Structure formats: structure tokens, C-alpha cells
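Participant: Dumping the structure here so I can ask a few things about it.
No value in this document is a laboratory result; all are computed from the given coordinates. On a predicted model such as this, the values are computed, not experimentally measured, just so you know. Neighbour counts are summed over all protein chains in view; Cβ atoms, including those assigned to glycine, are modelled from backbone coordinates with ideal geometry.
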Amino acid sequence: MEAGKAAAIIADNWRQVQQRVTEAAERSDRNPAGVHIIGVTKYVDASVAQHLVNAGCKRLGENRPQMLWQKAEALASHSDIQWHVIGHLQTNKLRRTMKLRPLIHSIDSERLLRAVEEEAAKQEQVAEVLLEVNISGDENKTGLMPDALTSLLETEHANVRIRGLMAMAGLGTDAAEAGNQFDEVRVLRDRLQQETGNPLPELSMGMTADFPEAIAAGATMVRIGSALFDGVR
Ligand SMILES: *Cc1c(COP(=O)(O)O)cnc(C)c1O
């Protein structure tokens, strides 16, 4: 596709998604400024992702570290991009990933959190992370079980700041049921805050199919891919 046409389609998608986020926030009596859109660029290459940045989306998410590195390099002239790691992160990918100072949404094990802590110390930074919750309670799914969350939050983490929780609705869940799962995440967050005294302001939940429900449930970050690249991929 011709670049100008792709740019126009993406700019239009971006406006529509922002509009839908604003409407969802207002329906729930929430301030739209309290809901950030993470543009998930995993479906497209850097040249297409750049149209989204030019349209005004400065928070970008990738689920694979190599793709994140590639795009960060290609888009290095945009110093205002904030990167978000939203997929499973292997410890051998930490060094290079953390140099980009991303928000890591997908801390799914105690082992990974410890490795992030060590790498953050080496790089003399304070890493910002979210804990990924397994809301379905299914042992085979990724994410931490609620009990594990309590113990992680009760431990001191020198070079890591845990900012909140991330969750995904189970595969094949319809939007209404996803909304119920997101409500459970918010309730869990409230309980964890109270029990551990650890502030957890961020809730990363909701994707193209279920972000209005996630916003109604209290999401502060929605991770949106398909709706932004509709018509160009
Ligand atoms: C791909 C992906 C998204 C975006 O999904 P869409 O349905 O395309 O909006 C959000 N979160 C995670 C973890 C993903 O892997």
C-alpha cells in the first residue's frame, strides 16, 4: 500500500480508538485522561508503526523482544516513544530490553522478577513493572496466581517498582464475561493494596475486543492492536 494512504487510514483509526476510549471512560464517570492507549505494533513493521507515532500515539507495545529492539532502533529519532513489553520475557533478553527502559507488563514469575531486579541494579535503574495475573485460575495459563502476588508484594525489591497489575481475559471469552474477569482483577488489586500497603495505581487490561469493558472495570492502560491497524495489514 502507498505510504500516504496507510498513514491516513492509521490516523483515522487512531482518532476513532481515542474517541471510543473517551466515550467508554465517560460512561463510567471516569476521566478519559486516566486511560492510556498502548498501541500494539506487533502486526506491522516499523515503517507502518511510524504512521501511528506520527498520528500521536507515543506509547507502543510489543510482545516479542526482538521485534521491540528492531522497532526501537528504526524509530530511534522519536525520542518521545515509551515502550511497553506485553509478552513473555526470557531472562536472556533482559539486558537489551531493559536498556530501552520500558514498562514491563508481563512479570509472570518470581524468577523473572528477580532477574529484572538484578539487571536493573546492573544498569543502575529502577525498573517499572506490572505483575501479570492469572485470572482464570487455570494452572496452564500464564500469569501469577493471587497468592503468589501477595508474597511478591510483601518482599522488598530494591531496583524494581511494581506499579500495578496486568491481565488478559481467557481465550474465547466474550466481552461481557471479560468484563466480569476485569472486575475481579480490580477487586484483587484493591485487596492487595490494602493488605500489603503497596500502591498499585495501574491496571493494564483490555484489547480491541474488550477494552470498553476493561475501562468500565477500571483499566488505566488498554493494549490495542487490531483496531489501530485495521485496513493496512
Ligand atoms: C496482541 C496483543 C494485544 C492487542 O490485541 P488486539 O486484539 O489486536 O487489540 C494486547 N495484549 C497482548 C498481550 C497482546 O499480545
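Participant: Under 5 Å between amide H atoms, partner at least 5 residues away or on a different chain: which partners does residue 160 have, H built in plane at 1.01 Å?
Facilitator: Excluding prolines and chain starts, which carry no amide H, the hits are 127.
Participant: Find the centroid of the Cα atoms in the stretch 148-206 and in the stretch 64-115, then give the distance between the two in whole Å.
Facilitator: Each part's Cα centre sits 20 Å from the other's.
Participant: Give me the lysines in straight-line cross-link reach of residue 58: C-alpha distance below 26 Å, same-chain residues under 8 apart excluded.
Facilitator: Those lysines meeting the cut-off are 5, 42, 71, 93, 99.
Participant: If you don't mind, another one. For the peptides 221-229, 167-175, 193-201, what is the packing order when you average, over each peptide's residues, the other Cβ atoms within 10 Å and list the highest mean first?
Facilitator: Details: 221-229: 22.8, 167-175: 16.4, 193-201: 13.3.
Those peptides, ordered most packed to least, come out 221-229, 167-175, 193-201.
Participant: Would you mind getting me the FRET efficiency between residue 27 and residue 76? Use the beta-carbon distance for r and R0 = 41 Å, nearest 0.05. Walk me through the numbers before you get to the answer.
Facilitator: On the way: r = 39 Å, r/R0 = 0.94.
So the FRET efficiency works out to roughly 0.60.
Participant: Hey, for a label at residue 122 modelled as a point 7 Å past Cα toward Cβ, could you say which residues of the stretch 51-83 have their backbone N under 18 Å away?
Facilitator: 65-66, 69
Participant: How big is the chain by the Kirkwood estimate over distinct Cα pairs, in Å? List each step's numbers first, then the result.
Facilitator: Values: mean 1/r = 0.0554 Å⁻¹.
Radius from the Kirkwood sum: 18.1 Å.
Participant: Compute for the stretch 116-192: radius of gyration divided by Kirkwood radius, i.e. Rg/Rh, restricted to C-alpha atoms, rounded to two decimals.
Facilitator: Rg divided by Rh gives 1.04.
Participant: Could you grab the relative contact order for the chain? Cα pairs under 8 Å, six or more apart, rounded to a whole percent. Intermediate values should be presented prior to the final figure.
Facilitator: On the way: 412 pairs, mean separation 50.8, N = 233.
Result for the chain is 22 percent.
Participant: Follow-up. Taking 1 over the mean of 1/r across every pair of different Cα atoms in the stretch 176-233, what Kirkwood radius in Å do you get?
Facilitator: Details: mean 1/r = 0.0819 Å⁻¹.
Final number for the Kirkwood radius of the stretch 176-233 is 12.2 Å.
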